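Below is one structure, written out as structure tokens; the observations come after it.
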Amino acid sequence: MHDESTVRSAIETLKDPVSGKSFKETGAVKFVSVEKDAKKVNVVVALDVVDDKTKATMTRQLAKVVKIDLGFSGLSVDYQLAKLEKSILGRHDGPMYIGIASGKGGVGKSTVAANLALALTRIGKKIGIIDADIYGSSIPTLFDLDAKAPKATEDKKMMPPTSHGVQIMSTGFFLEGDKPVMWRGPMLGKMLNHFFYDTQWDEEIDIMLIDLPPGTGDVAIDIQKLIPACKMLIVTTPHKSASRVAIKAGYAARELKHDVIGVVENMSHLEHDGERLMPFGEGGGEDVAKKLDTRVVANIPLAQPKDGHHSLFSMEEDTGVIYLGLANRLIKTLA
């Protein structure tokens, strides 16, 4: 009966159906064991693509080598994505992931994500943002970044631009002017895969914020597949029209087995001439938190930065201090 070394050598002559390179060249054979009593081989193979068609093709080729050429009676094969281990998702000490979600658009979800990222950097954390709000990407604008394709490394990985100390990847970098995104589910998934697998993120990133599209849909499901342990922060305004659909977004996150770690009530109030006004009503954040069995982690006022920036608050402003408190609160929650 052949030993593991012989089996590995035989399997390594096969080729990856996508790259055309041999398994020996790509290092695709991650594990081989031989159960001599059962005349069975167990193999773990890493491929560039692991869809059902590719796996079926490779299993037939492996069966020919193992069963016909080498004479074993049994074969067990597990497949893994080759680029997973070379990506941010494959890091054993990788970052924590926080999804920023909302039930509807217009509640300031992306602005919250941007200012939270900035606040986290101010307390010493290395932060990245994936702008997964593909139809309405605004993160590049919030961070004053030009809409141009990122540079690439020698191995053709995208290098995320950095602004205010935050690394950022967004669909907005690849669009032509004001041309809208008109993609269906599969294209959305491919773009997300590029953000995770084909981007050269800083190895020291502590937290990756993911600015999700409002509502529920393909992107949320894809995020669950990519990052099952992603935490969720729900953004709403005090108004009932926003809070009611924010509850649905929270329930959807729960259905996808994500942990909802808090609710941010944005545009919570307005300070004017020493008086606190409630232009969007009140209580929406508490309603969402109660329904989702979590808590309101920040009440962000309706305010405009005073230092000249259009969206990002400085540490010298009250709103900037509120975001700093939110950052510290989340760090304690995630510890």
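Residue by residue, here is whether (1) in a helix (DSSP H, G or I); (2) over 27 Å from the mean Cα position of the chain (by Cα); (3) hydroxyl-bearing (Ser, Thr, Tyr) holds:
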| position | (1), (2), (3) |
| --- | --- |
| Val264 | no, no, no |
| Ser268 | no, yes, yes |
| Gly281 | no, yes, no |
| Lys290 | yes, no, no |
| Thr294 | no, no, yes |
| Gly320 | yes, no, no |
| Leu326 | yes, no, no |
| Leu330 | yes, no, no |
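When Leu209 is tested against (1) of a type outside the set (S, T, N, Q); (2) touching a Lys or Arg at 6+ places or on another chain (Cβ under 7 Å); (3) more than 26 Å from Gln80 (Cβ to Cβ), only condition (2) is not met.
Surrounded by fewer than 22 Cβ atoms within 10 Å (Cβ to Cβ) and among the β-branched types (Val, Ile, Thr): is that true of Ile261 in this structure? In short, yes. Would it be correct to say that Ala56 is touching a residue at least 40 places away in the same chain (Cβ under 8 Å) and more than 17 Å from Met169 (Cα to Cα)? Considered against the rule, which asks whether it is touching a residue at least 40 places away in the same chain (Cβ under 8 Å) and more than 17 Å from Met169 (Cα to Cα), Ala56 comes out as no.
Condition check for His258 on (1) within 27 Å of Ser311 (Cα to Cα); (2) touching a strand residue (DSSP E or B) at 6+ places or on another chain (Cβ under 6 Å): one failure, at (1). Scanning the stretch 279-320 for residues that are surrounded by 14 or more Cβ atoms within 10 Å (Cβ to Cβ) and hydrophobic (A, V, I, L, M, F, W, C) yields Phe280, Val288, Ala289, Leu292, Val296, Val297, Ala298, Ile300, Leu302, Ala303, Leu312, Phe313.
Does Met191 count as over 18 Å from Leu120 (Cα atoms), at pLDDT 80 or above, touching a helix residue (DSSP H, G or I) at 6+ places or on another chain (Cβ under 8 Å) and aliphatic (A, V, I, L, M)? In short, no. Those strands (runs of 3 or more DSSP E) of the stretch 42-152 in which at least 3 residues are not assigned by TED's automatic domain parsing to the domain that holds Lys248, considering only elements entirely within it, cover 74-81.
Which of the numbered conditions does Ala303 fail, given that it passes all the others? Conditions: (1) in a loop (DSSP other than H, G, I, E, B); (2) under 20 Å from Leu142 (Cα atoms); (3) modelled with pLDDT of 95 or more. Only one criterion is unmet by Ala303, namely (3). Given the conditions (1) modelled with pLDDT of 85 or more; (2) in contact with a helix residue (DSSP H, G or I) (Cβ under 9 Å, 6 or more places away or on another chain), report the number of the one that Thr162 does not fulfil. Going through the list (1) modelled with pLDDT of 85 or more; (2) in contact with a helix residue (DSSP H, G or I) (Cβ under 9 Å, 6 or more places away or on another chain), Thr162 breaks only (2). Among the residues of the stretch 1-49, which ones are free of Cβ contacts under 8 Å to residues at least 24 places away in the same chain, among the acidic types (Asp, Glu) and surrounded by fewer than 15 Cβ atoms within 10 Å (Cβ to Cβ)? The answer is Glu25, Asp37. Residues that are under 15 Å from Met208 (Cα atoms) and modelled with pLDDT under 90 were ranked within the stretch 93-147; the one that is surrounded by the fewest Cβ atoms within 10 Å (Cβ to Cβ) is Asp93.
Of the residues making up the stretch 91-111, not a single one is farther than 30 Å from Val245 by Cβ and β-branched (Val, Ile, Thr).
The values are calculated or read from the model by the stated rules, or taken from the named source; none is laboratory data. Everything numeric here is computed off the predicted structure, so don't read it as measured data. Ideal geometry is used to build each Cβ from the backbone, glycine not excepted, and the neighbour counts take in all protein chains shown.
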